[in-house]
1. Going residue by residue through the range 114-126, is there one that turns out to be more than 27 Å from F175 (Cα to Cα) and touching a Lys or Arg at 6+ places or on another chain (Cβ under 8 Å)?
2. Could you give me the residue pairs with C-beta distances under 6 Å whose first residue belongs to the range 168-183 and is within 13 Å of E128 (Cβ to Cβ), whose second residue is open to solvent by 60 Å² or more (accessible area, probe 1.4 Å) and not basic (K, R) wherever it lies, and which are 6+ apart or on separate chains?
3. Given the conditions (1) in contact with a Ser or Thr (Cβ under 8 Å, 6 or more places away or on another chain); (2) open to solvent by 50 Å² or more (accessible area, probe 1.4 Å), and given that M129 satisfies all but one, which numbered condition is not satisfied?
4. Select from the range 132-174 the residues that are of a type in the set (D, E) and farther than 26 Å from R110 by Cα and list them in ascending order.
5. Output the residues belonging to the range 158-167 that are open to solvent by 80 Å² or more (accessible area, probe 1.4 Å) and either farther than 15 Å from E128 by Cβ or at pLDDT below 90 (or both).
6. Tell me, please, whether a residue that is outside any loop (DSSP other than H, G, I, E, B), modelled with pLDDT under 80 and open to solvent by less than 80 Å² (accessible area, probe 1.4 Å) can be found in the range 24-35.
7. Any residue in the range 143-156 that is within 30 Å of G97 (Cα to Cα), of a type in the set (G, A, S), in contact with a Ser or Thr (Cβ under 9 Å, 6 or more places away or on another chain) and modelled with pLDDT of 90 or more?
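The values are calculated or read from the model by the stated rules, or taken from the named source; none is laboratory data. Keep in mind that what you see is a predicted model, and the values were worked out from it rather than measured. Glycine also receives a Cβ, built like all others from the backbone with ideal geometry; neighbour counts cover every protein chain displayed. Note: accessible area is taken over every heavy atom of the protein model, side chains too, but ligands, DNA and RNA are not part of it. Shrake-Rupley method; radii C 1.70, N 1.55, O 1.52, S 1.80 Å.
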Amino acid sequence: MLPDFRKARAGLREHLNAFLKERTKFHNNAFRDVPVMVIHEGTGSRTVNAESDFENDMELSSVQGSATVGHDELIDDPTHVFRMLDELAQQMAFEQGRMMVQTVSDVTERTGRVSKRKGDPGPEVILEMYEKMLITFNKQGLAELPAIHCAPEMVPKLKAALKRIQTEPEYDAQFQQLLARKRQEWNDRENNRKLVG
């Protein structure tokens with residue numbers, strides 16, 4: 001009878017899971033920097049925003065993928081397991097991204113933070129979008145503008161609209177006024193925060 005190699009198998013499993021997590025994060029580059037919170041118990045979570053009346057209950061969802069590799073394939077090429085895990089990571093990253101976009105879409109729709117316009121997005125749409133967002137500022141007082149996610153065919157149109165905001169005095173003035181107002185709101189929120197402890 002062959003030995004069980006329980007510790008070796010556990011160590012290998014740990015390394016392969018770490019590889020899968022890293023590759024999933026790599027393939028999900030749009031949401032790579034979104035903080036992740038592990039929930040060990042329960043069936044959901046609740047988000048409460050102290051600055052508004054916003055509350056959001058979220059049910060937990062699972063992300064799954066599947067792949068199989070045979071003994072013969074591993075004997076012929078042991079690195080096949082990494083290619084298989086990378087394919088699995090791509091499946092999981094796609095599913096995570098789809099779920100993230102759907103969740104954000106549902107929440108923004110419920111809270112009235114959706115800008116619906118027909119035609120190409122112009123500077124007005126971008127300014128309206130920023131108006132509806134919470135904009136944070138760093139210690140130097142510079143705006144940390146949120147990322148804009150859109151369909152690939154919209155990227156050149158959005159870039160053109162953003163360039164117009166930067167180069168046309170009328171839109172630049174509106175944008176600077178918006179930033180000044182958002183900076184004041186940010187400072188008011190930070191100054192009125194109740195410290196715990």
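1. No, that holds for no residue.
2. Qualifying pairs under 6 Å: none.
3. Failed condition: (2).
4. Result: E153, E168, E170, D172.
5. Scanning the range 158-167 gives K159, K163, Q166, T167.
6. There is at least one residue in the range 24-35 that is outside any loop (DSSP other than H, G, I, E, B), modelled with pLDDT under 80 and open to solvent by less than 80 Å² (accessible area, probe 1.4 Å).
7. First pass over the range 143-156, keeping only residues within 30 Å of G97 (Cα to Cα): 143-156.
Those left that are additionally of a type in the set (G, A, S): 143, 147, 151.
Subset that is in contact with a Ser or Thr (Cβ under 9 Å, 6 or more places away or on another chain): 143.
Among the residues that remain, those that are also modelled with pLDDT of 90 or more are: 143.
Yes, there is a match, as at least one residue in the range 143-156 is within 30 Å of G97 (Cα to Cα), of a type in the set (G, A, S), in contact with a Ser or Thr (Cβ under 9 Å, 6 or more places away or on another chain) and modelled with pLDDT of 90 or more.
This table checks each residue for (1) of a type outside the set (S, T, N, Q); (2) part of a helix (DSSP H, G or I).
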| position | (1), (2) |
| --- | --- |
| M99 | yes, yes |
| Q102 | no, yes |
| G112 | yes, no |
| K116 | yes, no |
| D120 | yes, no |
| I126 | yes, yes |
